[in-house]
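Scroll down for the structure; my scribbles are underneath it.
The values are calculated or read from the model by the stated rules, or taken from the named source; none is laboratory data. All of these numbers come straight from a predicted model, not from anything done at the bench. Glycine also receives a Cβ, built like all others from the backbone with ideal geometry; neighbour counts cover every protein chain displayed.
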Amino acid sequence: MTTPKFPRRVFSGIQPTGDLHLGNYLGAVKRFVEMQDAAWETVYCIVDLHAITVTWPGRDEMTRATRELTAAYLACGLDPDKSILFNQSAVSAHAEIGWIFSCVARLGWMNRMTQFKDKAGKNAERSSLGLYAYPALQAADILAYHATHVPVGEDQRQHIELARDIAQKFNLDYGAAYFPLPEPVIDGAATRVMSLRDGTKKMSKSDPSDQSRITLKDDADSIAKKIRKARTDPEPLGETLEAMEGRAEALNLVRIYAALAEISPEAVMAEHGGKSFSDFKPVRADLAVEKLAGITAEMNRLLSDPAEIDRVLMNGADRAAEIALKVRKDTYDILGFVSRP
């Protein structure tokens, strides 16, 4: 088989668990939209198969969460005519190639994955096999589309490295040079947004404190209130970015402001350096409301018509399947499986 020519194609996905928050928006979805409008082929997914690795959300909850995440994608600016937008379980090639990759991946590779250790904690023996093995499925999510680039936060770099290892081993084992080696795309002022209550921890859907995050479902009053109550320290902003080192909560607010304003953190310091937080927080609150309140309103409008959301997902799944099922067939042919033409 000849080596395919790989287009510049992006793949990324988010689990339909919990409400999409500011960290998801700044670290992921905002960049999804930017890449959609640049010279990329873009494939974006609601990774519902990954959502059952830790808990069973329940039928109604899964449906609701999938539609809400789809509405959030659309409200943030994803255009289903420009990007392929679908839910993972609607395209069988994810699970099928995922099984192949679980046989390619080595136990030693999986044992090094830090996110399993973080999520399983002290009860690793009671965790699902899916939680342990999901990085192989994640590699299939990416490589089923011959994606060349994956926008991720720094904490996900290890998963892209594993996808590269799996692709390279498959290619070498079968002499096929069939799968690309995807590259992580890690950039922006707030690729890792931290909790509003603890600047040393990543903003998370699962944090028990609702005050730790701004969600895309929050109204303007809630957004402003959470920013006003965000943890800082008693000192004013430093004069320079370097002067902010060691002040996790304060630096987090600066980086979030920079990402929302689409300027560098250095530019924020040039404008607001030396100000007290009583002066800086209202400015930041106004900016967050300006950027996010419209997304909330659009999400609510979209959710009033679930049938339209489902139509968008199924149309996207049809387009995704055209790519992924071809890759699955080629993979089966490389392996020598006897399958339908």
**OP:** Would you be able to say whether some residue in the stretch 23-31 is touching a helix residue (DSSP H, G or I) at 6+ places or on another chain (Cβ under 8 Å) and hydrophobic (A, V, I, L, M, F, W, C)?
**Re:** yes
**OP:** Within the stretch 162-176, work out how many residues are buried (at least 16 other Cβ atoms within 10 Å of the Cβ) and either of a type in the set (Lys, Arg) or without any contact (Cβ under 8 Å) to a residue 12 or more places away in the chain (or both).
**Re:** 3
Original post:
For the stretch 81-133, which fully contained helices (runs of 4 or more DSSP H) count at least 1 residues that are in the same structural domain as Arg157 (by TED's automatic domain parsing) and among the acidic types (Asp, Glu)?
Top reply: 93-104, 114-120
Original post:
So how many residues does the stretch 3-27 have that are farther than 20 Å from Ala163 by Cβ and not β-branched (Val, Ile, Thr)?
Top reply: 10
Subject >> Filter result (of a type outside the set (Ser, Thr, Tyr), at pLDDT 90 or above and under 26 Å from Glu245 (Cβ atoms)) within the stretch 170-198 >> reply: Pro184, Met194, Leu196, Arg197, Asp198
Subject >> Those residues of the stretch 118-128 which are surrounded by 14 or more Cβ atoms within 10 Å (Cβ to Cβ) and of a type in the set (D, E, K, R), in sequence order >> reply: Lys119
Original post:
Of the residues that make up the stretch 302-310, is at least one in a helix (DSSP H, G or I) and within 21 Å of Asp141 (Cα to Cα)?
Top reply: yes
**OP:** Quick one: Leu313 ticks every box in (1) in a helix (DSSP H, G or I); (2) within 30 Å of Gly175 (Cβ to Cβ) except a single one, so which number is it?
**Re:** (2)
Original post:
Which one is surrounded by the most Cβ atoms within 10 Å (Cβ to Cβ), of the residues in the stretch 1-31 that are among the aliphatic types (A, V, I, L, M) and not in a helix (DSSP H, G or I)?
Top reply: Leu20
**OP:** State which residue is farthest from Asp165 (Cα to Cα) when the search covers only the stretch 67-114 and only residues that are of a type in the set (S, T, N, Q) and surrounded by fewer than 21 Cβ atoms within 10 Å (Cβ to Cβ).
**Re:** Ser89
Subject >> Residues within the stretch 248-268 that are in a helix (DSSP H, G or I) and more than 15 Å from Thr232 (Cβ to Cβ), tallied >> reply: 7
Original post:
Of the residues Leu237, Leu251, Leu303, which is touching a residue at least 12 places away in the same chain (Cβ under 8 Å), surrounded by 15 or more Cβ atoms within 10 Å (Cβ to Cβ) and under 25 Å from Ser12 (Cα atoms)?
Top reply: Leu303
**OP:** From Ala163, Ala176, grab the single residue that is among the aliphatic types (A, V, I, L, M), farther than 30 Å from Ala270 by Cβ and assigned to a loop (DSSP other than H, G, I, E, B).
**Re:** Ala176
Original post:
Would you say Ile295 is assigned to a loop (DSSP other than H, G, I, E, B) and under 26 Å from the mean Cα position of the chain (by Cα)?
Top reply: no
Subject >> Checking Leu131 against (1) of a type in the set (A, V, I, L, M, F, W, C); (2) under 23 Å from Trp56 (Cβ atoms); (3) buried (at least 18 other Cβ atoms within 10 Å of the Cβ), the condition it does not meet >> reply: (3)
Original post:
If Arg157 satisfies every condition in (1) assigned to a loop (DSSP other than H, G, I, E, B); (2) at pLDDT below 95; (3) farther than 16 Å from Thr53 by Cβ but one, which is the exception?
Top reply: (1)
**OP:** Looking for whichever is within 28 Å of Tyr73 (Cβ to Cβ), in contact with a Gly (Cβ under 8 Å, 6 or more places away or on another chain), surrounded by fewer than 16 Cβ atoms within 10 Å (Cβ to Cβ) and touching a residue at least 24 places away in the same chain (Cβ under 8 Å) here; the options are Ser206, Ser264. Which one fits?
**Re:** Ser206
Subject >> Pairs with Cβ under 6 Å, 6+ apart, first in the stretch 32-61 and in a strand (DSSP E or B), second aliphatic (A, V, I, L, M) >> reply: Thr42/Val10; Thr42/Met35; Val43/Ile84; Tyr44/Leu85; Ile46/Leu69
Original post:
Just one of Gly273, Gly246 is of a type in the set (Gly, Ala, Ser) and either surrounded by 21 or more Cβ atoms within 10 Å (Cβ to Cβ) or free of Cβ contacts under 8 Å to residues at least 12 places away in the same chain (or both); which is it?
Top reply: Gly246
